[in-house]
1. Sort out which residues of the stretch 154-167 are closer than 23 Å to residue 191 by Cβ and in contact with a helix residue (DSSP H, G or I) (Cβ under 8 Å, 6 or more places away or on another chain), and write them in order of number.
2. So residue 398 clears everything in (1) over 16 Å from residue 182 (Cβ atoms); (2) part of a helix (DSSP H, G or I) except one condition, right? Which one?
3. For residue 417, all conditions in the list (1) over 17 Å from the mean Cα position of the chain (by Cα); (2) in a helix (DSSP H, G or I); (3) touching a residue at least 12 places away in the same chain (Cβ under 8 Å) hold save one; what is the number of the exception?
4. I'm checking my understanding of the structure. Among residues of the stretch 400-421 that are touching a strand residue (DSSP E or B) at 6+ places or on another chain (Cβ under 8 Å) and closer than 16 Å to residue 255 by Cβ, which one is surrounded by the most Cβ atoms within 10 Å (Cβ to Cβ)?
5. Does the stretch 356-368 contain any residue that is under 22 Å from residue 259 (Cβ atoms) and either modelled with pLDDT under 95 or within 16 Å of the chain's Cα centre (by Cα) (or both)?
6. Which is surrounded by fewer than 20 Cβ atoms within 10 Å (Cβ to Cβ), within 20 Å of the chain's Cα centre (by Cα) and assigned to a helix (DSSP H, G or I), of 187, 173?
7. Any chance the stretch 216-238 includes a residue that's within 22 Å of residue 179 (Cβ to Cβ), touching a helix residue (DSSP H, G or I) at 6+ places or on another chain (Cβ under 9 Å) and in a loop (DSSP other than H, G, I, E, B)?
8. Could you check the stretch 301-327 and list, in sequence order, the residues that are in contact with a strand residue (DSSP E or B) (Cβ under 8 Å, 6 or more places away or on another chain) and modelled with pLDDT of 90 or more?
């Protein structure tokens, strides 16, 4: 449950546990804990970790629930008591390491490692998580230099997606030691300066799910933002159902890979685009047809080959709306939706103004003025616990696969290399940073 080398340090004996308990709790609260500890000692469990495992209905040395032992039957408990939870918290180090963005700009000029950051105090609706792995997202890299200082809080802890362990469940459905994955939301980053690239962070319970046992922490860390973007785009906005036809532009991207798998689980027929060298990999995610975008003009190819059998939805993961949407009408059913994930604005005020004019001319102009007679939207991703649990279930059933492109250390050299890899746009899978 807790990997070797964990920085968690516990008092050495059960008597010291009671000493800590008397300091912060009344005799009425401590008495039942003393009885439980005495019972544990009789059965040879003499460390706080043993007691915690027993309290969780997990015999010492085991990491998953088993049939209750004689000791557990005597204790008649299946959750950590508030006293033991507080003792667990008292064993944490006084400070932690976090990566902070201090100012707007490229990562080489704007971020710093703070080795003396305080461990956050609990808040209602939040749990304390010991982070083990953080997956980078293109959004995090882009917003470092694009969002103005007045629109966000500085300093800001970096990134969103994470996997770790519950340290304080704070009366939630989680228990101490549960392995979880999820995210610190983009809103929390902007308004509160809370991200994922730290050792101990507060996360809203609604933004976490139990990690499937059959995937690694690195894989779990890469699910949340990309997985929810794919799921919400297909289910909430495109409303894909069994038997429908879907085109995904950018099948080898992380969102594209998730979208292919989710669409196939929904029973859709999936056509996607990627480069020829990645075709076999993308095919392994379940795509029915693959188009090598490097060998054809993609919009023209689609019009030539799919006009007679158009799509019920087009999910543009690449963000190629200016080139693609104006020519999408012949291959998109009249009631279908053209959904795009993002638009990369060019640099320079003049270039941005010209781009926005073209965007209006292409995507906003009404049909009676020559606009495209099809509906389009930007995909918007929101935290959704039910959908996060759905993604976890798909992963546990091996119906949702996460590929890891590369992993990096938490030091400056490692983190900078991770961001550099992200900027190449050549990663085939998630880029993950390990948290010590």
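1. Narrowing the stretch 154-167 to residues closer than 23 Å to residue 191 by Cβ: 154-162, 164.
Result: 156, 157, 158, 159, 160, 161, 162, 164.
2. Only one criterion in (1) over 16 Å from residue 182 (Cβ atoms); (2) part of a helix (DSSP H, G or I) is unmet by residue 398, namely (2).
3. (3) is the only condition that residue 417 fails.
4. 402
5. Of all residues in the stretch 356-368, those under 22 Å from residue 259 (Cβ atoms) come to 363.
Checking the rest, the ones that are also either modelled with pLDDT under 95 or within 16 Å of the chain's Cα centre (by Cα) (or both) come to 363.
So far as the stretch 356-368 goes, yes, one or more of its residues are under 22 Å from residue 259 (Cβ atoms) and either modelled with pLDDT under 95 or within 16 Å of the chain's Cα centre (by Cα) (or both).
6. On the way: 173 fails: assigned to a helix (DSSP H, G or I).
Matching residue, one of 187, 173: 187.
7. As a first pass, look at the stretch 216-238 and keep what is within 22 Å of residue 179 (Cβ to Cβ): 216-228, 231.
With the extra rule that they be touching a helix residue (DSSP H, G or I) at 6+ places or on another chain (Cβ under 9 Å), the set shrinks to 219-220, 222-228, 231.
When the remaining residues are screened for being in a loop (DSSP other than H, G, I, E, B), the result is 222-223.
Yes.
8. Within the stretch 301-327, the subset in contact with a strand residue (DSSP E or B) (Cβ under 8 Å, 6 or more places away or on another chain) is 301-302, 306, 309-321, 324-325.
Matches in the stretch 301-327: 301, 302, 306, 309, 310, 311, 312, 313, 314, 315, 316, 317.
The values are calculated or read from the model by the stated rules, or taken from the named source; none is laboratory data. Everything numeric here is computed off the predicted structure, so don't read it as measured data. Positions of Cβ are generated from backbone atoms using ideal geometry, with glycine treated the same way; all protein chains shown enter the neighbour counts.
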